[in-house]
Structure formats: structure tokens, C-alpha cells
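*Asks:* Okay, here's the structure, questions in a sec.
The values are calculated or read from the model by the stated rules, or taken from the named source; none is laboratory data. This one's a predicted model, so the numbers in the text were calculated from it and none came from an experiment. Don't worry about glycine lacking a Cβ; one is built from the backbone with ideal geometry, like all the others, and counts go over all protein chains shown. Calculation scope for accessible area: heavy atoms of the full protein, side chains included, ligands and nucleic acids excluded. Shrake-Rupley method; radii C 1.70, N 1.55, O 1.52, S 1.80 Å.
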Amino acid sequence: QVQLVESGGGRVQPGESLRLSCAASIKITNIFRMGWYRQAPGKQRELVATITIQDSTDYADSVKGRFTISRDNAKNSLHLQMNSLKFEDTAIYYCNADIDGLGYRNYWGQGTQVTVSS
């Protein structure tokens, strides 16, 4: 029903920046909460950042002050600006759409790889 396509991943060196994008197949004004999650090798998927239709945001402590989540309602896209990247940021990053904010209608993209390496 809802398709999400991530882009912008790649390989960068520590301290560099990267900007991820997520294109949604529906108007994101119909999505209560969108977010970015990540999964590193051997680890569980974890929340990185979320943003509601009212622009309320929430960040994981590990990325607070370095990452910024934003939504472009006109373009139906979600973005994650990642600055001062660290080795531990290496993971597959997934775009998420929680339609009603309760987890009942929840959709995921296929993910984009972010690798921070020297």
C-alpha cells in the first residue's frame, strides 16, 4: 500500500557528513509519524530519529546533536542529515512510516547502507 525508497547511503570517512532521503508513494501529510531506524551487523534494529506531522522530533542519545531529521511535505520525502559520522554509525538505515502513530499500519523501505571507515 505504501512504498518507501531510501537513497543517499554510501561510504565516508569518520567526521564526514551524509544526507539520506526517503521517497514515499503517498502524501506524507497522511502519515502521522515517520522515522529512520538502523541495524548494524549482529545488532537489533534501533531507532535513530522520528518526526511527526506536527514536526515533533525524537532522537537516539547516540546521535543527538549530530543528526537532524526533517520532512518535506511538498516533495513527500523524509531526510536525515548526518554530521560528524563515527565508526559506530555503520549500519543499514531504514525509512519507516507509521500511518496512525500506533504501529497498526507500519511500513518499511528496503534500506540503504552507510559505511563509516578509514
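*Asks:* Return the total of residues in region 55-79 being among the hydrophobic types (A, V, I, L, M, F, W, C) and either in contact with a helix residue (DSSP H, G or I) (Cβ under 8 Å, 6 or more places away or on another chain) or closer than 14 Å to A97 by Cβ (or both).
*Replies:* 3
*Asks:* Still on this structure: Of all residues in region 1-45, how many are among the charged types (D, E, K, R), part of a strand (DSSP E or B) and open to solvent by 80 Å² or more (accessible area, probe 1.4 Å)?
*Replies:* 2
*Asks:* Tally time: how many residues in region 93-118 are in contact with a helix residue (DSSP H, G or I) (Cβ under 9 Å, 6 or more places away or on another chain) and within 18 Å of T52 (Cβ to Cβ)?
*Replies:* The qualifying residues number 2.
*Asks:* Taking into account only those residues within region 85-106 that are among the hydroxyl-bearing types (S, T, Y) and part of a strand (DSSP E or B), which is surrounded by the fewest Cβ atoms within 10 Å (Cβ to Cβ)?
*Replies:* Per the criteria, the residue is Y94.
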